[in-house]
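Reading through the structure tokens given below for one structure.
The values are calculated or read from the model by the stated rules, or taken from the named source; none is laboratory data. Remember, predicted model here, so these are calculated numbers, not experimental data. Note that each Cβ is placed from the backbone with ideal geometry, even for glycine, and that neighbours are counted across all protein chains shown.
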Amino acid sequence: MILEELYRFTLEMFRPPKTQTVSEWADENRVLVSESSSEPGPWKTDRAPYQREIMDAFTDPGVQEIVIKASAQVGKSEIELNMMGRAIDLDPGPMLYIQPTEAVAEDYSTRRIAPMIEHCPVLKRKMFRATGRDSRNTIGMKTFPGGSLAIIGANSPSDLASKPVRYIFMDEIDRFPDSAGTEGDPIGLAERRTETFQHNRKIVKTSTPTNKGTSKIEKAYMRGTQEEWHTECPHCHEFNFIRFDDVKFDHESYKDENGETNYLVSNVRWKCPSCGLETGEHDMKRQPAKWVVKNERALENGVRSFCLNAFMSPWASWRKICLEFLQAKDDPEKLKVWHNTVLGECWEMRDVSGMPEKLYDRREHYNAEIPTGVLVLTMGIDTQDNRLEYEVVGWNREEESWGISKGIIPGRPDSEAVWEEVDALLDREWKMKNGMKMRIIATFVDSGGHFTQEVYRECARRQNRLVFAIKGEAGTDKPYVRLMKGGGKNEATRFMIGVDSGKEGIMYAMTVDKPGPKYMHFPMDYRAGYDKEYFKGLCSERLVLHRRGGKSVPTWEKIHERNEPLDLRNYNRAVFRYFHWDFDKLEKTLRGEKQEPKLKADAPKKKQRRVISSGVKV
């Protein structure tokens, strides 16, 4: 058996090489399987013509690096697999395939690489047959005549810094860690492994982008030829890149039985920026198209880079793209994901310069202590050594907010009198225009600083009133609200708050300039506490890039010393986001309709009854 394997490998090594491009090889040999493709069967490059130039750059002797900055659903992973398959078959050498983590790499090897080899006869017959003790064909290593393929995670420093390789394929590099253990940048570590093959190495990088200024794929793209897929206008015959700003569509909205806003999209078309005439999706997808180079000098360094969005994809419906935009437009977290994965563009924070003055000037007169529209009252409390600061905020189901009261409770956080003032706020009944009254339903209290244990103790005493201790957690990749249960009888249930993502959401809401989803209302009444200093504090930080360990790291930086208003609004937003409010019941209660409490099946009975029924009093 072993002699037969060696004989077969020897024949393959000395077989005269074919001169096929990657697209020609894929059209002849590649078979897509149902486990990973919506269109299983023989590969057809003509199905998505933009893939041809990208794939064939791999066999261009003048090109050493290929960068693909793209949205989802454009086939960038299949492009990499075709390059890999062609190299194994016709021009073998040591290869390295890198995913963000080892777990993702193992999954990809099992779901994508192994099926490609199994259903591609020219590749299957080249691979060492896997046996129980055979380490030459495993999940993490594939061996073939003239080379091998190591499949690793970017978080594995030992794998990144081992043997020399000729080919490197890096997938989703914007999700790579900044450092592989303590060894440094995983991309740099991997690239150094190709130094032995300076004359014929190939480095392929792909990813959907993330944040402006920190995106690895964006930086790699800008160092390359910056090629865009331009489509010909059927009216003026000019070629243009299809951008979302030039896509027009009609839509209508309606409320479903749960009160959620839904949309219907129709008549999607593209407006040519050159002649202004419009063309439908069906016709645009059949128009001639070509790659247009914006940075030709990059060819001198052997770097070609390509940009794609979902409008080019034959598998992405324009109507669905527009629908997903409408569903995400009022939620900064969802909009960011849509921006990255559909448009294939980096997310950039909005400019909030001059915002304190704008917000102060647009204060309004409420028609009651609790203005019409508010369904839920929350409170956030920030602890300082000599005081507690608080804000009470009203919300509706679309995250439209109303500032109700901003104030200070003087005294140390371990003082009994201070917490008596907190109880008074919790007991207070805020009046509405119709004579009904509303109470604060849930509260988050900052436990940072010098009185952590005292805050835990006091929150534990008030936990039946939904008063919870929180601790902020910096980092743009942290979840917004994470539950952490206390360990003792007198300890409170605690939450971790991803403050960075919360601040980003608040900054986005500040720029919403018309009442509706996410819009922020503020009262004119001076007694409510919304003076000019409040708005300076609300806009007291900005997202900037700092160099740390040779990397650009997004960091929130103070531009005004007092940032308590921003923290308080963040805590309130986190309270609102965490609980599942029964808005239908709240609306009926505010209309004076008597009803039996209807509990949600997925929440503890006592806690859910508190959430849906303790806020309003007739």
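Looking at this structure, is E281 within 25 Å of T341 (Cβ to Cβ) and of a type in the set (D, E)?
Working: within 25 Å of T341 (Cβ to Cβ): yes; of a type in the set (D, E): yes.
So E281 passes the test.
This table checks each residue for (1) surrounded by 14 or more Cβ atoms within 10 Å (Cβ to Cβ); (2) modelled with pLDDT of 95 or more.
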residue	(1), (2)
T261	yes, no
G276	no, no
K290	yes, yes
V293	yes, yes
G302	yes, yes
S305	yes, yes
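For the stretch 272-316, the set of residues classified as more than 25 Å from D56 (Cα to Cα) and outside any loop (DSSP other than H, G, I, E, B) consists of E278, T279, G280, E281, H282, D283, listed by residue number.
Find the residue count for the stretch 278-288, including only residues that are out of contact with any Phe, Trp or Tyr (no Cβ under 7 Å at 6 or more places or on another chain) and surrounded by 14 or more Cβ atoms within 10 Å (Cβ to Cβ).
Of all residues in the stretch 278-288, those out of contact with any Phe, Trp or Tyr (no Cβ under 7 Å at 6 or more places or on another chain) come to 280, 282-283, 285-288.
Checking the rest, the ones that are also surrounded by 14 or more Cβ atoms within 10 Å (Cβ to Cβ) come to 285, 287.
The total comes to 2.
In summary, strands (runs of 3 or more DSSP E) completely within the stretch 61-158 and bearing 3 or more residues that are in contact with a helix residue (DSSP H, G or I) (Cβ under 6 Å, 6 or more places away or on another chain) and not basic (K, R) occur at 65-70, 147-153. The strands (runs of 3 or more DSSP E) found wholly in the stretch 351-410 and carrying at least 1 residues that are among the small types (G, A, S) and more than 30 Å from the chain's Cα centre (by Cα) occupy 401-410. Contact map, the stretch 556-571: first residue free of Cβ contacts under 8 Å to residues at least 24 places away in the same chain, second residue of a type in the set (V, I, T), Cβ cut-off under 7 Å, separation 6 or more or different chains; pairs are E557/V544. Out of D330, D246, D283, I need the residue that is within 30 Å of K44 (Cβ to Cβ), at pLDDT below 95 and either out of contact with any helix residue (DSSP H, G or I) (no Cβ under 6 Å at 6 or more places or on another chain) or of a type in the set (D, E) (or both). Which one? Residue meeting the stated conditions: D246. Per the listing N200, N262, N211, N258, the residue uniquely of a type outside the set (F, W, Y), closer than 30 Å to G62 by Cβ and either in contact (Cβ under 8 Å) with a residue 24 or more places away in the chain or not assigned by TED's automatic domain parsing to the domain that holds D584 (or both) is N200.
Among residues of the stretch 26-37 that are over 13 Å from I79 (Cβ atoms) and β-branched (V, I, T), those with a beta-carbon under 9 Å from a residue that is part of a loop (DSSP other than H, G, I, E, B) and at pLDDT 90 or above at least six positions away or on a different chain give the pairs V31/W43; V31/H119; V31/C120; V33/H119.
Got a number for residues in the stretch 487-525 being of a type in the set (F, W, Y) and modelled with pLDDT under 90? I'd like the intermediate steps shown before the answer.
Taking the stretch 487-525 and keeping what is of a type in the set (F, W, Y), we get 495, 508, 519, 522.
Subset that is modelled with pLDDT under 90: 508.
Residues in the stretch 487-525 being of a type in the set (F, W, Y) and modelled with pLDDT under 90: 1 in total.
Quick check on the stretch 217-233. Is at least one of its residues under 17 Å from I79 (Cβ atoms) and among the acidic types (D, E)? Within the stretch 217-233 (the criterion being under 17 Å from I79 (Cβ atoms) and among the acidic types (D, E)), the answer is yes, since at least one residue qualifies.
Looking at the stretch 93-102, is at least one residue out of contact with any strand residue (DSSP E or B) (no Cβ under 7 Å at 6 or more places or on another chain) and crowded, with 19+ Cβ neighbours inside 10 Å?
Taking the stretch 93-102 as the starting set, the residues that turn out to be out of contact with any strand residue (DSSP E or B) (no Cβ under 7 Å at 6 or more places or on another chain) are none.
Checked against the condition, which is being out of contact with any strand residue (DSSP E or B) (no Cβ under 7 Å at 6 or more places or on another chain) and crowded, with 19+ Cβ neighbours inside 10 Å, the stretch 93-102 yields no hits at all.
The set of residues in the stretch 249-300 being closer than 25 Å to M312 by Cβ and among the polar types (S, T, N, Q) consists of S266, N267, S274, T279, Q287, N295.
The number of residues in the stretch 400-443 being farther than 27 Å from K532 by Cα, of a type in the set (A, V, I, L, M) and in contact (Cβ under 8 Å) with a residue 12 or more places away in the chain comes to 4.
With the requirement that a residue be over 22 Å from R243 (Cβ atoms) and touching a residue at least 40 places away in the same chain (Cβ under 8 Å), what does the stretch 297-313 give you? Don't jump to the end; show me each part of the working.
Filtering the stretch 297-313 down to residues over 22 Å from R243 (Cβ atoms) leaves 297-303.
Passing the criteria: A298, L299, N301, G302, V303.
Of the listed requirements (1) touching a residue at least 24 places away in the same chain (Cβ under 8 Å); (2) among the charged types (D, E, K, R); (3) more than 24 Å from V303 (Cβ to Cβ), R175 misses just one: (3).
Need pairs with beta-carbon distance below 8 Å; first residue part of a strand (DSSP E or B) and within the stretch 444-462, second surrounded by fewer than 18 Cβ atoms within 10 Å (Cβ to Cβ); sequence gap 6+ or separate chains. Close Cβ pairs (under 8 Å, with a partner that is surrounded by fewer than 18 Cβ atoms within 10 Å (Cβ to Cβ)) amount to D446/K471. Confirm whether K219 is out of contact with any strand residue (DSSP E or B) (no Cβ under 8 Å at 6 or more places or on another chain) and of a type outside the set (A, V, I, L, M). For K219, the condition - out of contact with any strand residue (DSSP E or B) (no Cβ under 8 Å at 6 or more places or on another chain) and of a type outside the set (A, V, I, L, M) - is met. Within the stretch 77-108, the set of residues being farther than 18 Å from T21 by Cα and within 24 Å of the chain's Cα centre (by Cα) comprises Y97, I98, Q99, P100, T101, E102, A103, V104, A105, E106, D107, Y108. Restricting the stretch 441-472 to residues that are of a type in the set (G, A, S) and in contact with a Ser or Thr (Cβ under 6 Å, 6 or more places away or on another chain), which is farthest from N570 (Cα to Cα)? In this case the residue turns out to be G449.
Residue pairs whose Cβ atoms lie under 6 Å apart, sitting 6 or more positions apart in sequence or on different chains, and linking a residue in the stretch 522-536 that is in contact (Cβ under 8 Å) with a residue 60 or more places away in the chain to a partner that is among the hydrophobic types (A, V, I, L, M, F, W, C), are Y530/F522; F535/L359. Looking at the stretch 159-170, which of its residues are among the β-branched types (V, I, T) and in a strand (DSSP E or B)? Within the stretch 159-170, just I168 meets the criteria. Among the residues of the stretch 449-482, the one identified as exposed (fewer than 15 other Cβ atoms within 10 Å of the Cβ) and either in contact with a Lys or Arg (Cβ under 8 Å, 6 or more places away or on another chain) or outside the structural domain of V575 (by TED's automatic domain parsing) (or both) is N464. Note on the stretch 208-242: among residues that are touching a Phe, Trp or Tyr at 6+ places or on another chain (Cβ under 8 Å) and of a type in the set (K, R), the one that is modelled with the lowest pLDDT is K212.
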